[in-house]
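Undergrad: Encoded as structure tokens, here's the structure I'll be asking about.
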Amino acid sequence: MSTLWDLSGIKPNTDIVVPGETISAMFWNAVQMRGPNVWMRQKHLGIWRSWTWNQTADAVREIAGGLMSLGFAKGDTASILGNTVIEWVWADLAVLSAGGVSSGIYPTDAASQVQYLCSDSSTSFLFVEDDEQLDKALEVREALPKLRKIIVFDMEGLRNLDEADVISLDALRALGRTYNAQNPNAVQQRVDACKPDDLAILVYTSGTTGKPKGAMHLHGGLVYTVRGYNTLVAQDERDERMCFLPLCHIAERLGGEFYGMYTGAKLNFVENPETIPDNVREIAPTVFTAVPRVWEKFYSGVMISLKEAGMLQQAAYAWSIGVGTAIADKVLAGEPVDGWLKFKFKVAQVLALNNARKLIGIHRSRFLVTGAAPISPDLVRWYLALGVPMLEVWGMTETCGASTGVPASKMRPGSIGPAASFNEVKLDPATGEIMVRGKNVFAGYLNLPEKTAETLTPDGWLHTGDVGVVDADGYFRITDRMKDIIITAGGKNITPSELENDLKFSPFITDAVVIGDKRAYLTVIVMIDQENVEKFAQDKDIPFSNYTSLTRAAEVQALIQAELDRVNKKFARVEQIKKFFLLETQLTAEDEELTPTMKLKRKLVEKKYAAQIEAMYR
């Protein structure tokens, strides 16, 4: 494992690992290079099963041939509706190998959203994971005249299904085997016909306002970006990754599937979203990318476990994390770590820190990567103190993922790092908005030329909507979204994300939305961490019957107030939060208040809970 003072395992790699100017060509070249090696693993019925590159290629070839036998033409669009499973990757690579356009749909999307996305993208073939997702497709089938076939991955519970337009993935693969036997070069011809300027994937933004927009990414841009990722945080065939974020999101699609394909890192798929904590301990990934909510959850788990430990264990942890923090401070300051401190850290590892890492599942991790949302600098320092470097990257759907990244050699918690070598990043001199230009930037929004013109300047600069600052070393820091900056009634400019990130550092708070634009003072809407708050209530013998009664309990209100007081101490009086309101409904990704990436939609929350907000200002 790479330790804080030995970062030799995190070196940029500028070599072209796998040739190919399109994603499909890159995949087939990777198969030739790594054929019998294991690429993907997935747990089913308690047993981990492996797929080699050759086995993956067989599945992809058969699915591509099956699509072509049913009339799938070059440039046609296929959508994939399902959780992060191996079949998702097969379908994706098969669509691209057949010269098509691949579009992902969040498994939490409602039937009406499935209809909109399939209609907007002109989907002709739809892959669905199981009977639950099939029900959504069948509900809106009549409203999708361009949809020709629905292919189901898992037919459990659907053996007696009699729908002319629905077939199983196994049946499609059987069609493909027959088609490929009769047309042995057909798939390869489609791969060869694919060009870097061809549209490859659509990634629909999960934006907090309006309908999702289909960001168009070309083959050339995807290949360029994947190669660029290796200059940020290099990985290779020895690495193990865990796939659990939605594959229709840019982070897992690029950073997991495509980047794993390019570098040869093994992809391990979790059983389902609920088993992530168990699976990560089994997989023990060497490279681990996640969103801040996951890192916050892991931290909360350690803190809760610590409260249940004995006095001796708590004392051992306190001393050990103190040693780790001392080293982290020196590394962050660019100072050498002396031998005595290194010796104390070895003792600290044995006493407590190794157990903390194993409890999370990061004991083999060379480094951790966080992105997709702001993260508390204190949380980054905590992971550094455990002995695992956490590198923050920043980007968005439209930039094909990461555009900036904190280098391991010069980490700065709270910063998103300098511009990645493969693109330019600057601040708009008038507004402070962060802008990006490079081959990784998307080709525009599908069917929305006006929105594209608003977002891309004539000379290729992308308006990101994020406001930031940059220091003399070129390190950028996000201060907020342009739309989210609060100007109080007294004229004070407030960046709510700083307050919200500090609140989310609490093990009892999952998300927070600070309110106060044109108001006399700040307030906040809080979503509690159900698991940790329930445990707090049980330990304190606080009676509650359901989620709502839990949030209304006086002791829980006092608990959140204490967390608020902790955060307020860090800010000037005018920036302090005076009142709070706890959401009384347990939200999931199916609820309109949350994006599919589990972020509260600020404007919608403000509108839906307007009465509760007004009550805080009376």
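Undergrad: Considering each of GLU450, GLU398, GLU454, GLU335 in turn, give the residue that is farther than 30 Å from SER121 by Cα and not basic (Lys, Arg).
TA: GLU335
Undergrad: If GLN115 meets every condition in (1) within 30 Å of GLN188 (Cα to Cα); (2) of a type outside the set (Val, Ile, Thr); (3) in contact with a helix residue (DSSP H, G or I) (Cβ under 7 Å, 6 or more places away or on another chain) apart from one, which number is that one?
TA: Result: GLN115 fails condition (1) only.
Undergrad: If we keep just the residues of segment 422-432 that are modelled with pLDDT of 95 or more and closer than 13 Å to ILE478 by Cα, which is least open to solvent (accessible area, probe 1.4 Å)?
TA: VAL425
Undergrad: Can I ask one more? Across segment 282-306, what is the total count of residues that are assigned to a strand (DSSP E or B) and not β-branched (Val, Ile, Thr)?
TA: Qualifying residue count, segment 282-306: 2.
Undergrad: Those residues that are under 18 Å from CYS194 (Cα atoms) and either assigned to a strand (DSSP E or B) or in contact (Cβ under 8 Å) with a residue 60 or more places away in the chain (or both), I need them from segment 62-88; list them, please.
TA: If the condition is that a residue be under 18 Å from CYS194 (Cα atoms) and either assigned to a strand (DSSP E or B) or in contact (Cβ under 8 Å) with a residue 60 or more places away in the chain (or both), then ILE63, ALA64, GLY65, LEU67, MET68, GLY71, LYS74, GLY75, THR77, ALA78 are the ones that fit.
Undergrad: Quick check on SER421: is it small (Gly, Ala, Ser), in contact with a helix residue (DSSP H, G or I) (Cβ under 6 Å, 6 or more places away or on another chain) and not in a strand (DSSP E or B)?
TA: Yes, satisfied.
Undergrad: Further question: With respect to PHE536, determine if the residue is part of a loop (DSSP other than H, G, I, E, B), over 18 Å from PHE571 (Cα atoms), open to solvent by 30 Å² or more (accessible area, probe 1.4 Å) and at pLDDT 90 or above. Talk me through it step by step, then tell me what you get.
TA: Numbers: part of a loop (DSSP other than H, G, I, E, B): no; over 18 Å from PHE571 (Cα atoms): yes; open to solvent by 30 Å² or more (accessible area, probe 1.4 Å): yes; at pLDDT 90 or above: yes.
The answer is no for PHE536.
Undergrad: Turning to a different aspect of this structure: When the residues of segment 542-599 are filtered to those that are crowded, with 17+ Cβ neighbours inside 10 Å and among the charged types (D, E, K, R), which remaining residue is modelled with the lowest pLDDT?
TA: Among those that are crowded, with 17+ Cβ neighbours inside 10 Å and among the charged types (D, E, K, R), it is LYS599.
Undergrad: Then there's this: Report, ordered by the first and then the second residue, all pairs with beta carbons closer than 7 Å, sequence separation of six or more or different chains, a first member in segment 267-292 that is touching a residue at least 60 places away in the same chain (Cβ under 8 Å), and a second member that is of a type in the set (Lys, Arg) and open to solvent by less than 20 Å² (accessible area, probe 1.4 Å).
TA: If the second residue must be of a type in the set (Lys, Arg) and open to solvent by less than 20 Å² (accessible area, probe 1.4 Å), the pairs left are LEU267/ARG241; ASN268/ARG241; PRO285/ARG241; VAL287/ARG241.
Undergrad: Which residues, counting only those in segment 144-192, are open to solvent by 50 Å² or more (accessible area, probe 1.4 Å), under 17 Å from PHE125 (Cα atoms) and of a type in the set (A, V, I, L, M, F, W, C)?
TA: Matches in segment 144-192: ALA164, LEU175.
Undergrad: Additional query: Within segment 238-246, is there a residue that is charged (D, E, K, R), open to solvent by 40 Å² or more (accessible area, probe 1.4 Å) and out of contact with any Leu (no Cβ under 9 Å at 6 or more places or on another chain)?
TA: yes
Undergrad: Here is a follow-up. Determine whether GLU87 is open to solvent by 20 Å² or more (accessible area, probe 1.4 Å), in contact with a Lys or Arg (Cβ under 9 Å, 6 or more places away or on another chain) and not basic (Lys, Arg).
TA: no
Conditions (1) hydroxyl-bearing (Ser, Thr, Tyr); (2) assigned to a strand (DSSP E or B); (3) over 21 Å from the mean Cα position of the chain (by Cα), marked per residue:
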| residue | (1), (2), (3) |
| --- | --- |
| LEU391 | no, yes, no |
| GLU398 | no, no, no |
| VAL425 | no, yes, yes |
| MET435 | no, yes, yes |
| ALA453 | no, no, yes |
| ASP459 | no, no, yes |
| THR464 | yes, yes, no |
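Undergrad: Also, quick follow-up: Touching a residue at least 24 places away in the same chain (Cβ under 8 Å), assigned to a loop (DSSP other than H, G, I, E, B) and of a type outside the set (Phe, Trp, Tyr): is that true of SER415 in this structure?
TA: yes
Undergrad: What do you reckon, is SER545 touching a helix residue (DSSP H, G or I) at 6+ places or on another chain (Cβ under 7 Å), assigned to a loop (DSSP other than H, G, I, E, B) and either under 26 Å from HIS463 (Cβ atoms) or among the small types (Gly, Ala, Ser) (or both)?
TA: In short, no.
Undergrad: Next question, about the same structure. Identify all residues within segment 307-345 that are touching a helix residue (DSSP H, G or I) at 6+ places or on another chain (Cβ under 6 Å), of a type outside the set (Ser, Thr, Tyr), open to solvent by 20 Å² or more (accessible area, probe 1.4 Å) and closer than 21 Å to SER376 by Cα; write none if there are none.
TA: Once the filter is applied, which keeps residues that are touching a helix residue (DSSP H, G or I) at 6+ places or on another chain (Cβ under 6 Å), of a type outside the set (Ser, Thr, Tyr), open to solvent by 20 Å² or more (accessible area, probe 1.4 Å) and closer than 21 Å to SER376 by Cα, segment 307-345 yields only ILE321.
Undergrad: Let me ask something else about it. For the list (1) at pLDDT 90 or above; (2) assigned to a helix (DSSP H, G or I); (3) open to solvent by less than 50 Å² (accessible area, probe 1.4 Å), I need the number of the one condition that LEU499 fails.
TA: Condition not satisfied by LEU499: (1).
Undergrad: Could you please find all residues in segment 519-533 being open to solvent by 20 Å² or more (accessible area, probe 1.4 Å) and over 18 Å from ALA611 (Cβ atoms)?
TA: Listed by number, the residues that qualify are ALA520, TYR521, GLN530, GLU531.
Undergrad: Consider GLN113 carefully, then state whether it is among the polar types (S, T, N, Q), closer than 18 Å to ASP154 by Cα and under 25 Å from the mean Cα position of the chain (by Cα).
TA: Details: among the polar types (S, T, N, Q): yes; closer than 18 Å to ASP154 by Cα: no; under 25 Å from the mean Cα position of the chain (by Cα): yes.
So GLN113 fails the test.
The values are calculated or read from the model by the stated rules, or taken from the named source; none is laboratory data. As the structure is a computational prediction, the values presented were derived from the model and not from experiment. In this analysis, Cβ positions are derived from the backbone assuming ideal geometry, glycine residues included, and neighbour counts consider all displayed protein chains. To get the accessible areas, we keep the full protein, side chains included, count just its heavy atoms, and leave off ligands, DNA and RNA. Shrake-Rupley method; radii C 1.70, N 1.55, O 1.52, S 1.80 Å.
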